[in-house]
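The values are calculated or read from the model by the stated rules, or taken from the named source; none is laboratory data. Note that this is a predicted model, so its numbers are computed, not measured. Heads up, the Cβs are rebuilt from the backbone with ideal geometry, glycines too, and the neighbour counts pull from every protein chain shown.
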């Protein structure tokens, strides 16, 4: 009698990794820390939604699986270099049974904003980033501003051209100079042409332009025209239309553009991974992050801040709708 043939479908790398995580009760954040890969990359790959070149992440995941199967490494060990980082796994830095909040969550919006700034700095390009208030635009820009040779300025309605010039001079270490705005601008342009590789980020740029004055935005255009320096303008969505209306020449020169879209449901769940969240509470978190009228990353983040305080003070570990209600009473909604 002919022997029966059996066929075993080989599991994908993502399936095998997910099995190991489940068996070891290890979460994606801990895995990301161990492999020194961003949490969002891990999550996207394991969920089949990673659209970039997977070569690097797959190589590290294969090493992880091989070490697990051969018993050659402690898979729960986290590199010493990560212990004091801002982003820590659930088993590190825990106070009162509640893990610390992620300081820099690498959502799609965060990654795209950082990527746009990187491109503008490397390619001496001009970019525009727009988002509703609370979407995390400024959070990402300030993080990028910690990089070398980045000039970050936050605009406001009361600034004039002299203020902008003075702040740029201060950020690049130039001694405060005298003379006309035009003369000082020329010295700034000369500095950037000699010391190349800089990026200027003008946040809240929509506050610099209106129907009464365009001089402030024209000042930035003049610097960009004359100097080897990248420039990122960021602001509310109205910035795009203001540029087109009052400085079409500047709008036409934009090399890069990104509009923040807000957190996806998957990203909200990733952000809250490691916390014990009841389903009703998760629904409320999702609403606060993704409601088209009032939801945003900032509201989610503020709510979680207060939730963590309540859990620590009460000794609880589970996030319930009651806990969120208590957290809300501490906020102006």
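Can you find a residue that is outside any loop (DSSP other than H, G, I, E, B), in the same structural domain as residue 118 (by TED's automatic domain parsing) and over 30 Å from residue 291 (Cβ atoms) anywhere in the stretch 200-207? Reasoning before the result, please.
Taking the stretch 200-207 and keeping what is outside any loop (DSSP other than H, G, I, E, B), we get 200-203, 205-207.
So of that shortlist, the ones also in the same structural domain as residue 118 (by TED's automatic domain parsing) come out as 200-203, 205-207.
If we keep only those that are over 30 Å from residue 291 (Cβ atoms) too, we end up with 200.
Yes, the stretch 200-207 contains a residue that is outside any loop (DSSP other than H, G, I, E, B), in the same structural domain as residue 118 (by TED's automatic domain parsing) and over 30 Å from residue 291 (Cβ atoms).
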- [ ] Take the stretch 221-253 and flag every residue that is farther than 23 Å from residue 107 by Cβ and either assigned to a loop (DSSP other than H, G, I, E, B) or in the same structural domain as residue 307 (by TED's automatic domain parsing) (or both).
- [x] 227, 228, 229, 247, 252, 253
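Okay, residues lined up against (1) at pLDDT 95 or above; (2) in contact with a strand residue (DSSP E or B) (Cβ under 8 Å, 6 or more places away or on another chain); (3) at negative phi:
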site	(1), (2), (3)
260	yes, yes, yes
266	no, no, yes
269	no, no, yes
274	no, no, no
292	no, no, yes
305	no, no, yes
309	no, no, yes
314	no, no, yes
Task: Hits in the stretch 275-293 - residues which are farther than 17 Å from residue 134 by Cα, surrounded by 14 or more Cβ atoms within 10 Å (Cβ to Cβ) and touching a helix residue (DSSP H, G or I) at 6+ places or on another chain (Cβ under 6 Å) - done: 281, 284
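Conditions tested, residue by residue: (1) crowded, with 16+ Cβ neighbours inside 10 Å; (2) under 20 Å from the mean Cα position of the chain (by Cα); (3) in the same structural domain as residue 198 (by TED's automatic domain parsing); (4) modelled with pLDDT under 85.
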| residue | (1), (2), (3), (4) |
| --- | --- |
| 63 | no, no, no, no |
| 74 | no, no, no, yes |
| 77 | no, no, no, yes |
| 95 | no, no, no, yes |
| 100 | yes, yes, no, yes |
Task: Subset of the stretch 223-239 [over 26 Å from the mean Cα position of the chain (by Cα) and surrounded by 16 or more Cβ atoms within 10 Å (Cβ to Cβ)] - done: 223, 227
Task: Index of the failed condition, residue 174 passing every other in (1) touching a helix residue (DSSP H, G or I) at 6+ places or on another chain (Cβ under 6 Å); (2) assigned to a loop (DSSP other than H, G, I, E, B) - done: (1)
